[in-house]
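One structure is given below, encoded as structure tokens.
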Amino acid sequence: MNNKIIPLSTLFVSRLLCDQSDIYEKSLKELLSTKSELKTDIGSRGGAKNYLESNTPIDVITYQQIEHSGLTSLVDVLRYFVAGFNAPETSVADGSDHVRSFTIRGMSPDQVLVLINGKRVHTSALLHVNGVIGRGSSHVDLDTISIASIERIEIMRDGASAQYGSDAISGVINIILKGMGHKNSISGQYGKRSRGDGVQEQASSFISIPLEYDGFFNITMEAIKQEATQRAGKDRRVMPPRVLTHVGVPDSVNYKAVINSEIVQTDNINIYTNAILNYRDSKASAFYRPPNSDVANSNGFLPIINAKILDYGLCAGVKGKFSKDTSWDLSNSYGVNLFHYYVNDSINYTLGNSSPNSFDNGSLKFTQNTTNFDIVKHLKDLKISSGLEYRYETYKIQAGDKASYTNNKDIKKIAGSQGFAGFTQGNEVDRHRDSLAFYMDSVADINKKLTVEVFARYEEYSDFGESTNAKMAVSYKIMNNLLFRTSGSTGFRAPSLAQSFYAQTSSFVDEKGILTHQGTFRTDHEVSRAFGAQNLLSERSKNFSIGGVYEPTKKLSFMLDFFYIDVHNRILLTNNLSGSTKEQKALLLKYGVSQIRYFANAAITNTRGLDLKMNYSYEFENSSILEVNSWLNYTQNTINNKDTNTQNDVEKVRIENGQPKDSLRLLATYTQKDLEYVLNMSRYGAYSQMLNGTVYDFDASWTTDVQVSFQATKDAKLSIGGNNIFDSVPNKWRGDVNNFYGNNGIKPYSRYSPYGYSGAYYYIKATLEF
Amino acid sequence: MLKLFKMDSHHQQINKMLKLAFYCFLIFLFFYGSCSYSYESENKLKTVIVGKLAKYITWKKKNSSKFVITVLGNEFGTLFDEVYLHKQIKHKPVEIKYIKSIDELKKSEVLFISKSNRDNLNDILAYTKHKNILTISDKRGFAQKGGIIQLYFLDQMLKIRINVEKLKEEGFGIDRTLLRVVDVLKRDKSL
């Protein structure tokens, strides 16, 4: 068999390696339908570059690919295409149910920088404090951006703090909004889960108004109504056991608007603006509260946590030229995220019969304003750019209704609204900080084969001090179709204001049935200080990558990159600490809590692994086209934590094994005249979660997505498809941990599941261009 | 072939079936397909399209033995030389000239204005006026600013925008079949 296969494969490879005939022999029509290289802006201020020739690993997802996926959420789009991008769907985790956390290479969500058109995007005000992937982080809420407005997504898998500043440790995501020349369109999608629930209705419109000299004004509007899915197990605390808690995708409505505009002036001055607006009303439950004879007015109820999220941002800038080879760019980006908690269908036990059932639990607000001024000078084989950045951030916690948090002086009962206690007046905070950065980049084409990039950035923050970072990236073309690349850099992540100043007190009955009043305190609070808290310092990173690109032909490419990242001063939430000294116990009593926790610079983490990618495209004699993309990621994370306050096996398991170490994406698209077939297979590696001192392992899984599209007329397209069509669900907990978790518990699946647990989703979609 | 299915274990059987499917796929691709589907660099497409467009354009003046393409502000390295080496346009050998300033422009059928010359665009267009020189550029808004042919990329495909009014004003003839595949500039009188 092998003897037959070797000559066959040799024949095929030789065929592949046969380059096409002279491009000049092509007709005008053929030339106009020849694909050009895919260029990206990310990674260098020197101008767009073919992503396959970049000094650092860069990936691109185009809007045509996004349309093939049938997905309506940007987080899901990234998970669909990017191996090593993880975005679990969690339930019964307070605010974390409403803002999906995401990671690249298994690192923290706040170690990913997100840009829109190359400018920094503000993060969410929410801080994940429950035991979810991304615990302790505030990150960009990717669901605020309508995917109908996106032209392409660029992902740089490398440290880039020396270029972009804080957060760019595990990678940078640059979202390029649709520019000139796109057709107006309206689109509608209807879908539901194979089990009949989770109905999703989506409608979007994209309108582009051409302006003088190829300027444009684009506006995208989108509405998505998502019905909850229900995958909870029976509640064994009631007789007969029955499903009472909600576990699955939350009920939500999401309204999004995006504007992207560029006014081109005759004197080479371009004025650009982009704006995003998002309002989300999302409802998810806490655990069901069974009838309780100890408290008045409790017949059993399901508290619903209702998050109302308002997010908006405006970026405006002017760019022009000082001379033929010197350009400048002045911009200002302002963004706000307001996360307001409400709890409905609940009770504050301590208020007895006078307790309301609906509560305003207060809000979190984050504001960010960034001003940039860049200059780029193009010399013969050298591009030099430098710039200044000034950033101002504020973080605010506003208290809820008194009924949402009061304990009515009865600390023997669980205080505040059941499900989620409101922010108290003592939690209120209004803090700000600013930072000033100066940076320089240079890109030198030493010769036709060797390119060297050097970046340096100095930054001073008003809270933690200064940070200087550098990066060097080198690429060498060993042959015309073989590129070697390597980069090394230092980086940092400024502690978020939320990590320094978040505060909330909640009461719950712990695993041993003991009533616990737990307080999360600011790092500068006297209680935290008594336990050893200090002002937070920045996380410091060292990144190294080495790899290359091999293009046997222009229809086949391979990318292989190894990466190694060390992070020092990793910020973690401490364990729940009970007082041991007299002073600590007195302070706990003073603030009415039995346990406290706060954020601390605690650990060293190490991340290493590889990415292997293959892209292949083929045109058949009948003009049909097959495109195949595959991507394998392997990542290993380790944590070294010697700080006793934060040392925690649950955290260690979450960081080291809570996310798949390996993941694989296999995507094939076949286009034949008016029909388009898409097949996507994803493998998610095994993962583990620790609960009650036991590590539970969950198996690797495969999901399969398909879509068939029919171009009914020149302007109308119909699609039908399914995600996870074989209804793959993760394996359940092994045995029963307690009434809440376990094979027969309320939550049968791990919240770390990398593809959720709601199962197959089928949809139909119609798009009309005009 | 029958030996293939005499397997020791279930896993080995699946493994060999997958291998067989993979090699069948390779053989299918080899025999079924013929032409490749690949990408080209933006610069190469821009370079090649100049000669292709010339086939659809008629020059008023036919006074030279060579077809001259002048590149103002070369951003293409040696691409023009490589593409047009031993090529003919309008049955004439092609000569490529590179200039840094519009003052250096001499007799030429085509003037390719690269992006870096944007500061001087008005001067360039004034200089070429009524000289029956086909101006082509990849500069944004070129056609609307008084240039004749603008090249731009959308969805990784090269697009052509023609200012037909200007083309005629400069005394060129055009094969109307070209207008079927290009974007014709629509003059908005309000602009």
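None of the figures in this text is laboratory data; all of them are computed from the coordinates on show. Bear in mind the structure is a predicted one, so any value in this text is a computation, not a measurement. Here the Cβ is made from the backbone with ideal geometry for all residues, glycine too, and neighbour counts use every protein chain on show.
When only DSSP loop residues count, what GluC sites (Glu not before Pro) in segment A:385-451 have their Cβ near at most 15 other Cβ atoms within 10 Å?
Sites meeting the loop and neighbour criteria: A:E428.
Between segment B:72-100 and segment A:344-395, the alpha-carbon centres lie 54 Å apart.
With Cα atoms as the point set, the radius of gyration and Dmax of segment B:78-129 evaluate to 12.6, 35 Å. The mean sequence distance of close C-alpha pairs (under 8 Å, at least 6 residues apart), as a share of the length of chain A, puts its relative contact order at 11 percent. Think of it as helices only: each DSSP H run of n ≥ 4 in chain A is worth -39500 (n - 2.57), and spread over all residues that comes to -2500 deg cm²/dmol at 222 nm.
Computing FRET efficiency as 1/(1 + (r/R0)^6) for A:L382 and B:L179, where r is the C-beta to C-beta distance and R0 is 45 Å, gives about 0.60. Computed over segment A:210-296, the P(r) curve from all C-alpha pair distances, binned at 5 Å from the origin, holds 3, 11, 13, 11, 10, 9, 8, 7, 6, 6, 5, 4, 3, 3, 2, 0 percent per bin.
Relative to one another, the C-alpha centroids of segment B:142-190 and segment A:101-143 are positioned 46 Å apart.
The alpha carbon radius of gyration of segment A:414-462, expressed as a multiple of 2.2 N^0.38 Å, is 2.53.
Looking at the protein assembly as shown alone, DSSP beta bridges between its own residues are antiparallel in about 90 percent of cases. Translational diffusion coefficient of segment A:282-362 (Stokes-Einstein, Kirkwood radius from Cα pairs, 10 °C, 1.306 mPa s): 95 µm²/s.
In segment A:84-191, the DSSP beta bridges split such that about 65 percent are antiparallel, to the nearest 5. For segment A:331-417, the convex hull spanned by the alpha carbon atoms encloses 135 Å³ per residue.
Rounded to the nearest 0.05, the FRET efficiency derived from the C-beta distance between A:S354 and A:K585 at R0 = 45 Å is 0.85. Residue-normalised convex hull volume from the C-alpha trace of segment A:256-315: 78 Å³ per residue.
Plainly put, segment A:451-536 has a radius of gyration that is 1.31 times its Kirkwood radius, both from alpha-carbon atoms, as the Rg/Rh ratio. Size estimate for segment A:491-597 follows the Kirkwood approach: the inverse of mean 1/r over distinct Cα pairs works out to 17.2 Å.
Taken along its principal axes, the alpha carbon cloud of the protein assembly as shown reaches lengths of 104, 73, 49 Å, longest axis first. Look at the dipole of the protein assembly as shown built from charges on Cβ: of A:I625, B:V110, A:P57, the Cα furthest out on the positive end belongs to B:V110.
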